[in-house]
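S.K.: Structure incoming, see below.
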Amino acid sequence: MKRVLLAIFLLAVGAVVFGTLRHATAAIRRDISIQSAASAQQSAGLIRLRSEQQQLSDHVQQTGQLLSSQPSVPALGRLAQKILSGASLQNLTAAETEQLLAELGFNWNTTGDYLIISKKSLSGISFDGMKGVKLSDAAIATLAITPSERSAIETMTRQLGDTRAAWAKEHVQRTEPSGDIVAQYSLPAYTDLAQSQLAIFTNGIVSALGAQRAQWLQDHSDRWMEDTGLRAGPDFSKVPPELLANLPPDAVQPKPTTLKLIRYQSGDDWYINCQLEQAGGNMTCGISPWQPFPEAFKSLFPGGWKELAEREGFELPKNFKKN
Amino acid sequence: MNERQSDFEWLQRFARAGDQNAFRDLVRRHVDLVLATALHKVGDTGGAEEISQNVFGVLARKAWQFAPDDSLPAWLYKTTLLESKSWLRGELRRRRREEAAVALGTTMKTPDDQPAFNALVPLLDDALISLREKDRTVLLMRFYEKQSLRDVGAALNVGEDAAQKRVQTALEKLSEFFQRRGYKTATVAAAAAALQHTATSASAATVSTIAAAALKTAPPALAGLGALLTRLATLTRVQTAAVCLVVTTAPVLWQWHDQRQAAATLAQGKAVYLVAQDEYNSLQTEVDQLHGKASGLDSSLSGAMTTAAQRQELARKFEAWKIRIRAQLMAADYQWPDDSPFVRIPKKILPRLNVYAAIRQPGEIRQEARELLGLTPAERETAESALQKYFTDLDSLMSSKLYETNRAGLSYVPKDALASRAYDLPALGPGGKQYSDALLSAFKSDVGDERWQLFSQELESSGTDSLRRILSLDATDRGQELAVWVQEKNGALMAGYAWGDQSSSFSSDGLALKLFLPDAKLSSGQPSLAELMDLRQLPATLSGPALEWIRQQAATRLNEKGDL
């Protein structure tokens with residue numbers, strides 16, 4: 001019996017030790033299994049990473065080569081960007097205009113019988129837009145006025161002239177010559193009709209040429225409008241305020257236009273001065289065959305100085321006889 | 001072979017091979033012991049035989065449990081005592097229903113005239129049990145099994161004398177037991193007599209009956225696991241321990257080895273994992289960096305391509321715009337282009353166009369003039385360089401000749417002027433002409449004959465803002481004078497000026513004097529007082545000191561007059 005107990009004891013101890021070891025081994029094997037799974041996963045991850053690393057290295061290399069092989073495209077200049085941005089091109093600076101003309105290849109030697117200039121410069125160039133009731137050659141050439149446009153405008157200005165002439169005949173006042181004054185005529189301010197006449201003129205040229213060219217033509221017809229009475233006085237809108245403040249009050253007010261011809265002696269010869277008093281200032285000049293007859297009175301004396309002299313019965317200076 | 005070895009062998013043969021003869025031999029050898037013990041215990045021959053059958057029946061069932069060093073007589077004795085007690089308990093219950101005294105007298109011979117050892121018999125079993133197993137075995141073999149001293153010695157692996165001595169010693173211990181119980185006359189001889197008296201001999205028939213009865217209760221021969229267990233049961237304690245140790249150690253060692261291997265595998269796996277993890281982390285870092293680099297490069301490439309594409313597209317658009325503008329301006333059926341910054345004019349109309357103050361000091365050609373001359377940037381730079389040099393030289397020459405005076409000669413000063421100053425510049429002479437000739441020559445060379453004709457035509461006209469006046473071309477032959485003054489008009493102080501040379505003059509009432517104060521502000525678009533006063537066409541040598549004199553007058557007089 002003791003042997004059995006001893007055997008049972010020893011076997012039980014052995015079984016416990018075996019069981020413990022087996023349990024520990026099983027735990028280790030589970031750990032190994034987990035470890036193996038993790039290693040497998042890690043191996044797969046490593047393979048994936050190596051592949052990814054290779055791909056990325058290749059990608060970086062190829063991209064770097066692509067980047068370095070990119071053609072260098074120069075940036076567009078600020079002026080070109082300004083033009084493409086749709087900004088107004090009417091206010092380019094002088095430098096920008098010069099650069100743009102160079103970019104376009106326009107200069108004296110490349111444009112043949114023509115010249116390319118900026119519209120902005122056109123504003124600063126002086127020429128008479130109108131000559132009497134006709135457009136000037138300069139206006140026709142610079143504003144590219146077509147024959148039909150010209151015809152429409154001149155028809156309109158002729159009608160304005162006729163209206164003005166009819167009004168002048170009706171309102172002109174003659175003063176009897178006395179002393180050295182050989183002739184004196186006066187026209188009241190054209191205030192009543194000027195505004196409507198100016199409107200007709202403005203609408204007429206806008207209708208014929210469009211707003212842009214009409215504005216240019218009007219800007220270059222200041223003197224004509226003053227002479228024809230479409231504008232009652234000088235345009236003071238462009239006069240600096242510092243100067244405007246110094247002008248006498250009557251200078252900017254509408255007033256009658258008066259023509260006086262005054263004879264004077266100089267040495268052995270005598271001459272006749274023309275004195276024109278009108279809104280905005282007076283003008284004095286010696287009359288001669290080359291001296292233009294005042295526009296305001298031209299409708300009354302289409303023949304100019306000679307017709308006036310015949311009508312008033314005075315003798316013109318010697319230089320008229322030479323021509 | 002000693003008896004015990006013989007007993008063991010017989011038991012093995014019976015247990016393993018079912019050898020009934022071997023078992024019968026065992027019964028034959030030990031039946032006297034069992035029978036005698038049972039008989040003196042229960043005092044009934046029939047009961048003793050029944051007990052003997054039971055004892056040997058137990059032996060037959062437990063034969064496989066015996067080990068070589070187990071004492072079969074000792075085991076049989078103890079078992080017989082236990083069986084006897086069990087039998088007696090059953091018998092007692094039966095006898096209580098009978099009259100015990102009568103029955104007892106008929107079943108047991110205890111004559112009064114029996115010797116003294118008879119008194120020892122009741123205590124004999126207790127006495128034997130009190131002995132050590134070796135002593136008890138010796139006595140049982142010698143007296144109950146009636147073995148010779150030689151057989152007893154052989155069973156104990158000693159000689160006959162030594163067996164005799166052990167028997168004697170055991171008898172002495174037995175007598176001492178009795179003496180301690182008050183039996184002073186219990187000598188060794190009495191003890192031996194008690195043993196001899198209680199011994200008995202079984203007949204061959206009894207032996208056969210007992211063996212047969214025992215064998216009926218015995219299990220069949222053992223095989224397989226039973227044989228193994230039988231085999232194990234036959235091992236000594238040391239052998240059992242050794243076998244158990246072997247049986248347990250082997251799998252434990254195998255398991256321990258397995259565990260060690262697994263642990264090593266795990267450790268190796270972990271080490272490999274850690275190394276791989278390091279590589280993984282390193283690779284991951286590298287991949288992350290590559291991702292960042294690739295992303296940056298992609299972005300750069302995309303940006304570069306986008307920028308290049310945008311630039312190319314812009315360049316294409318600009319080129320298209322230029323082509324359209326060129327086509328528009330150079331078309332045979334040219335029309336006014338509302339959407340172009342440029343217009344086309346015929347060159348033949350140029351003589352009828354005028355540019356107001358085409359040149360500005362100290363050497364700038366106005367935009368209108370450069371465009372009307374169709375100057376390239378290089379031509380313009382050359383012309384302006386010549387102009388700047390000309391004005392510098394001219395200013396130097398004029399400065400050396402300029403003088404101030406309080407009395408104007410060539411110009412008119414109002415009589416009511418509060419103060420006046422005249423600046424006189426005599427004719428510059430050949431020095432001035434040298435400068436102007438150089439300028440005009442350089443300009444002609446720069447622009448060529450065609451444009452020079454236009455330019456020279458401009459030089460012929462004279463007037464306030466003519467090129468002739470601005471370039472001071474007449475200053476070579478004519479002296480000139482600029483007079484400036486201050487006068488009061490309508491309660492305000494005004495600055496005026498008059499310019500004159502030997503052939504022409506012009507004057508202006510000028511501007512309010514307060515405009516010349518240091519803190520006076522001009523309206524926007526008016527670059528200078530010189531332009532406001534219309535003095536820009538005069539040499540700066542003249543206009544500069546004149547304007548400075550007016551500023552001094554403003555500072556002095558307006559401070560005196562207060563708010564004027």
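Just so it is clear, none of the values below were taken in a lab; they were calculated from the coordinates. As the structure is a prediction and not an experimental result, all values here were calculated from the model. Note that we place each Cβ from the backbone using ideal geometry, even for glycine, and neighbour counts take in every protein chain shown.
S.K.: When the dipole is taken about the Cα centre of chain B, and only Lys, Arg (+1) and Asp, Glu (-1) are charged at their Cβ, what size is it in debye, to the nearest 20?
M.R.: Details: 68 positive and 68 negative charges, 741 e Å.
Taking the Cα centre of chain B as origin, the dipole is about 3560 debye.
S.K.: Also: Roughly how crowded by other chains is peptide B:137-150, in terms of the mean Cβ count from those chains within 10 Å of each of its Cβ atoms? Could the numbers behind the result be given before it?
M.R.: Numbers: counts 0, 0, 0, 0, 0, 0, 0, 0, 0, 0, 0, 0, 0, 0.
Partner Cβ neighbours, averaged per residue: 0.
S.K.: In addition: Efficiency by 1/(1 + (r/R0)^6): what FRET value for B:Arg468 and A:Arg223, r their Cβ-Cβ distance, R0 = 35 Å, to the nearest 0.05? Walk me through the intermediate numbers first.
M.R.: Working: r = 23 Å, r/R0 = 0.65.
It comes out at approximately 0.95.
S.K.: With just the Cα atoms defining each centre, how far is region B:278-337 from region B:148-198? Give it in Å.
M.R.: Between the Cα centre of region B:278-337 and that of region B:148-198, the gap is 128 Å.
S.K.: If the reach is capped at under 18 angstrom between alpha carbons, list the lysines near B:Lys165, excluding any in the same chain fewer than eight residues apart.
M.R.: Leaving aside lysines fewer than 8 places away in the same chain, those within reach of B:Lys165 are B:Lys134, B:Lys146, B:Lys173.
S.K.: Give, in nm to one decimal, the length gained when the segment between B:Ser456 and B:Arg150 is fully stretched (0.36 nm per residue of separation minus the Cα-Cα distance). It would help to have the intermediate numbers written out before the result.
M.R.: Values: separation 306, 0.36 × 306 = 110.16 nm, distance 17.52 nm.
This chain segment gains 92.6 nm when fully extended.
S.K.: Another question about this same structure. With +1 on each Lys and Arg Cβ and -1 on each Asp and Glu Cβ, how big is the dipole of the protein assembly as shown about its Cα centre, in debye rounded to the nearest 20?
M.R.: Dipole size: approximately 6320 debye.
S.K.: Can you list the lysines whose alpha carbon is less than 22 Å from that of B:Lys521, not counting same-chain residues fewer than 8 positions off?
M.R.: Output for B:Lys521: A:Lys238, B:Lys489, B:Lys561.
S.K.: Work out, step by step, the length gained on full extension between B:Gln261 and B:Leu92: first 0.36 nm times the residue separation, then minus their alpha carbon distance; give nm to one decimal.
M.R.: Details: separation 169, 0.36 × 169 = 60.84 nm, distance 6.90 nm.
Separation in residues times 0.36 nm, less the Cα-Cα distance, equals 53.9 nm.
S.K.: Pick out, from B:Gln168, B:Leu26, B:Gly57, the residue whose Cα sits farthest towards the positive end of the charge dipole of the protein assembly as shown, with +1 on the Cβ of Lys and Arg and -1 on the Cβ of Asp and Glu.
M.R.: Value computed over the given set: B:Gln168.
S.K.: Percent relative contact order of region A:130-320, based on C-alpha pairs within less than 8 angstrom and at least six residues apart?
M.R.: Relative contact order of region A:130-320: 20 percent.
S.K.: Could you tell me which residue out of B:Trp321, B:Pro426, B:Ser505 lies farthest along the dipole of chain B toward its positive end? Charges go on the beta carbon: Lys and Arg +1, Asp and Glu -1, centred on the Cα centre.
M.R.: Result: B:Trp321.
S.K.: Expressed in nm to one decimal, what extension gain is obtained for the pair B:Thr307 and B:Gln335 from 0.36 nm per residue of sequence separation less their Cα-Cα distance? Walk me through the intermediate numbers first.
M.R.: Working: separation 28, 0.36 × 28 = 10.08 nm, distance 3.74 nm.
Stretched out fully, the B:Thr307 to B:Gln335 stretch lengthens by 6.3 nm.
S.K.: Ok, one more. Hey, with R₀ at 45 Å, roughly what FRET efficiency would B:Lys134 and B:Ala205 work out to, going by the Cβ-Cβ distance, to 0.05?
M.R.: Numbers: r = 34 Å, r/R0 = 0.74.
The value I calculate is 0.85.
S.K.: Ordered by packing density, taken as the mean number of other Cβ atoms within 10 Å over each peptide's residues, highest first, how do B:244-255, B:388-399 rank? Intermediate values should be presented prior to the final figure.
M.R.: On the way: B:244-255: 16.2, B:388-399: 18.1.
Output ranking for B:244-255, B:388-399: B:388-399, B:244-255.
S.K.: Report, ordered by chain and residue number, the lysines lying within cross-link reach of B:Lys389, taken as a straight Cα distance under 26 Å and ignoring same-chain residues fewer than 8 apart.
M.R.: B:Lys401, B:Lys433, B:Lys444
S.K.: Using the Karplus equation 6.51 cos²θ - 1.76 cosθ + 1.60 (θ = phi - 60°), what ³J(HN,Hα) coupling, rounded to whole Hz, does each residue of region A:84-101 give in order, writing x for Gly and Pro?
M.R.: 6, 6, x, 5, 4, 9, 7, 10, 5, 6, 4, 5, 5, 4, 4, 5, 5, 4
S.K.: Evaluate peptide B:353-366: per residue, the Cβ atoms of other protein chains within 10 Å of its Cβ; return the mean as an integer.
M.R.: The per-residue average across the peptide is 2.
S.K.: Return the distance in nm (one decimal) between the two label points of a simple spin-label model at B:Lys322 and A:Ser207, each offset 7 Å from Cα along Cα→Cβ.
M.R.: About 4.3 nm, to one decimal.
S.K.: Report the calculated FRET efficiency for A:Ser43 and B:Ser295 (r = Cβ-Cβ distance, R0 = 25 Å), to the nearest 0.05.
M.R.: Working: r = 27 Å, r/R0 = 1.10.
Working from the Cβ atoms, E equals 0.35.
S.K.: Still on this structure, please answer the following. Quick one: dipole size for region A:130-320, taken about the Cα centre, charges +1 on Lys/Arg Cβ and -1 on Asp/Glu Cβ, in debye to the nearest 20. Show your work: numbers first, answer last.
M.R.: Working: 18 positive and 23 negative charges, 81 e Å.
My answer is approximately 380 debye.
S.K.: Considering only A:Trp305, A:Ala214, A:Tyr190, whose Cα is most displaced toward the positive end of the charge dipole of region A:130-320, charges sitting on Cβ of Lys, Arg (+1) and Asp, Glu (-1)?
M.R.: Toward the positive end, the furthest listed residue is A:Ala214.
S.K.: Shielding of A:68-74 by partners, i.e. mean partner chain Cβ atoms within 10 Å per residue?
M.R.: 4
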